[in-house]
Amino acid sequence: MKDCLIIEGGHPLNGRVRVSGAKNAGLVLLVASTLSDGETILDNMPRIRDVEVMVQILNELGVNARWNEDGSLSICPPPAGSMKVKTS
């Protein structure tokens with residue numbers, strides 16, 4: 001697994017990708033979804049403690065992350081540069 005995510009280009013990406021509900025992949029997808037400028041919906045996310053804690057962290061940072069009735073997870077990040085981290 002790479003230690004970084006390199007994004008090149010400037011071409012918008014759209015579409016759907018079916019990924020199994022692996023815990024480690026889910027955490028990475030949650031964080032990566034905050035780089036979007038719109039809503040991301042993740043299906044088949046494992047509803048385990050690690051994922052629940054990450055959802056809480058993202059909400060504390062200003063992301064609107066919530067579980068939907070169908071079990072999917074919606075992530076709506078705030079505008080770029082507006083996330084604030086409390087240091088005390």
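Kindly establish whether GLY26 is outside any loop (DSSP other than H, G, I, E, B), surrounded by 14 or more Cβ atoms within 10 Å (Cβ to Cβ), modelled with pLDDT of 80 or more and not aliphatic (A, V, I, L, M).
Against the criterion (outside any loop (DSSP other than H, G, I, E, B), surrounded by 14 or more Cβ atoms within 10 Å (Cβ to Cβ), modelled with pLDDT of 80 or more and not aliphatic (A, V, I, L, M)), GLY26 qualifies.
Results for (1) closer than 20 Å to ASN14 by Cα; (2) assigned to a helix (DSSP H, G or I), shown as yes or no for each residue.
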| site | (1), (2) |
| --- | --- |
| ASN44 | yes, no |
| ARG47 | no, no |
| GLN56 | no, yes |
| ARG66 | no, no |
| GLY71 | no, no |
| PRO78 | yes, no |
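Considering region 51-69 alone, what residues qualify as being surrounded by 13 or more Cβ atoms within 10 Å (Cβ to Cβ) and within 15 Å of ALA25 (Cα to Cα)?
VAL51, MET54, VAL55
The values are calculated or read from the model by the stated rules, or taken from the named source; none is laboratory data. Predicted model only: the values in this text are computed from it and were never measured. When we count neighbours, we look across all protein chains shown, and the Cβ atoms used for this are built from the backbone with ideal geometry, even at glycine.
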